[in-house]
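Written out below as structure tokens is the structure these notes cover.
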């Protein structure tokens, strides 16, 4: 095959794949709003996505805040702006690091588990069994996972922001010796609730990406254990890349809304 | 033509350029065990999926007791699906649930039962396959034979009219095969009005359990008859398949 037609074939395959993903996702979202409502499944997934991810999110958040305090001090100390460490790092945490790092950590844990679990159900005919019992497998399996991730990621992100801010503040005021007075005054001056809300909104979108890609990869898994492994890897990689790409575009869209505030 | 059967008329299905079913004509009599045999990849599983309404045929009709289900909309088709129970090749039990919960699952999803009534129905189904004492176990604690039995219990719990088995004895040792044969026969005898359809390429098992045998070959039914007819037929394709010979009309 010549390079041009190879490129064309690749493009067609990519478009087809995305189309299938879109149809799958639409079915899953429709499954959230239409009956039957399986609240028990939703709560079980919320526990899995939220509670069970909390410890890794808290550890990541605290140390991210702490290391950024040290690095920002390294840069800001050169021109005597150490009082701005808190506001700078907390802005970065709430607007960017919180949603992105939370999502990437949760993606590694939750996205892979969803792809592996549903993929195993696919290759062992458990999904066919659901269908044979007149149950829509997309609604039964994917809808609660996607719903739970959209609900829980913002909460995890808020937890990340909180411990991150505590980490910066501790390192800045207790370890680096920044004067707490201007430190907290600046932080209050610079950081607005909109920064936090914006970050939480982003993480809801990322939660949707993690769960929908993980479930889609699971549903389309083929060919035994190897196929499930491949589905899992592809889910984590695709979600991770998508989170970073989508993050840029959401930021660009959200930015004008917060520039002119005062 | 009688109405006490499932009648497939000129059923066709293709995937892209590949013609899987090229006009299948078959009568599956009510209240009996019918076994459809054929080589792997001859469209037996596709036939099951179309029958259950999991897949639509490209042409032809499926008439169940006088009603043509190929003309039904999605909603009515869902009702038809509720009249079927399916036992999958590898049981396909939900491994996140106990045996009891597996059997209870279709009831919880489709019927509003109080817990005592539900328990009674599930335990009755488990009792019919000899698994009452194993309800609390996780699926992975069961042996292969117990899994098959649990799968039959799950397929039976909603009292379907039709029970479908997809390759029930494939990959099992001879003793397990005999056990599953017994299970199919006993289930049939213990359930009045049940119609069983078994998809298989296991000839010995087929001849033991079948009231009726049909052979699917190259997308068509080329033979129909009783187990005795299969033993005595001189149809070259059936003979080759039954005797498992390399030489003959079937080429690999």
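Points to keep in mind about this one:
- Over the Cα atoms of the range B:48-189, the radius of gyration divided by the Kirkwood radius equals 0.99; this is the Rg/Rh ratio.
- Longest to shortest principal axis, alpha-carbon extents of chain A, angstrom: 67, 53, 36
- Distance between modelled label sites at residue A:51 and residue A:179, nm, 7 Å Cα→Cβ extension: 4.7
- Paired Rg and Dmax values of the range B:108-147, which use every Cα atom, in angstrom: 11.5, 32
- Here the simple spin-label model places points 7 Å from the Cα toward Cβ, and for residue B:132 and residue B:3 these points are separated by 4.0 nm.
- Note on residue A:71 and residue A:201: the model spin-label points, each 7 Å out from Cα along the C-beta direction, lie 2.7 nm apart.
- Across chain A, Cα pairs under 8 Å and at least six residues apart give a relative contact order of 31 percent.
- When Rg and Dmax are taken over the Cα atoms of the range A:130-206, they come to 20.1, 67 Å.
- Whether the range A:143-262 is rounded, prolate or oblate, judged on the alpha carbon gyration tensor where a/c under 1.5 counts as rounded: prolate
- For chain A, built as a Gaussian network whose Cα springs stay under 10 Å, the top-fluctuating residue of A:231, A:165, A:81: A:81
- Three-way shape call for the range A:86-162 based on the alpha-carbon gyration tensor, with the a/c threshold at 1.5: prolate
- With Cα atoms defining each centre, the range B:1-39 and the range A:63-92 are spaced 74 Å apart in the structure.
- Convex hull volume per residue in cubic angstrom - Cα atoms of the protein assembly as shown: 208
- Comparing B:48, B:194, B:77 in a Gaussian network model of chain B, where Cα atoms under 10 Å apart are tied by springs, the biggest mean-square fluctuation is seen for B:77.
- Quarter of Cα convex hull surface for chain B, i.e. mean projection, nm²: 14.5
- Exposure proxy order (Cβ contacts within 10 Å, fewest to most) of A:70, A:106: A:70, A:106
- Of the residues B:184, A:155, the one with the fewest other Cβ atoms within 10 Å heads the list, and the complete ranking is A:155, B:184.
- Sorted fewest first by neighbouring Cβ atoms within 10 angstrom, A:131, B:109 come out as B:109, A:131.
- Full-stretch length increase - residue B:232, residue B:119 - with 0.36 nm per residue and alpha-carbon distance subtracted: 35.9 nm
- Compared with the direct C-alpha span, the chain from residue A:151 to residue A:22 gains 44.4 nm at full extension, assuming 0.36 nm per residue.
- The range B:1-83, relative contact order in percent, only Cα pairs under 8 angstrom and at least six apart counted: 34
- Entry note, chain B: relative contact order of 26 percent, from Cα contacts under 8 Å with a spacing of 6+ residues.
Quick note: the coordinates plus some simple rules give every number you see, no bench work behind them. Not measured: the values here are computed from a predicted model. Positions of Cβ are backbone-derived with ideal geometry, glycine not excepted, and every protein chain shown enters the neighbour counts.
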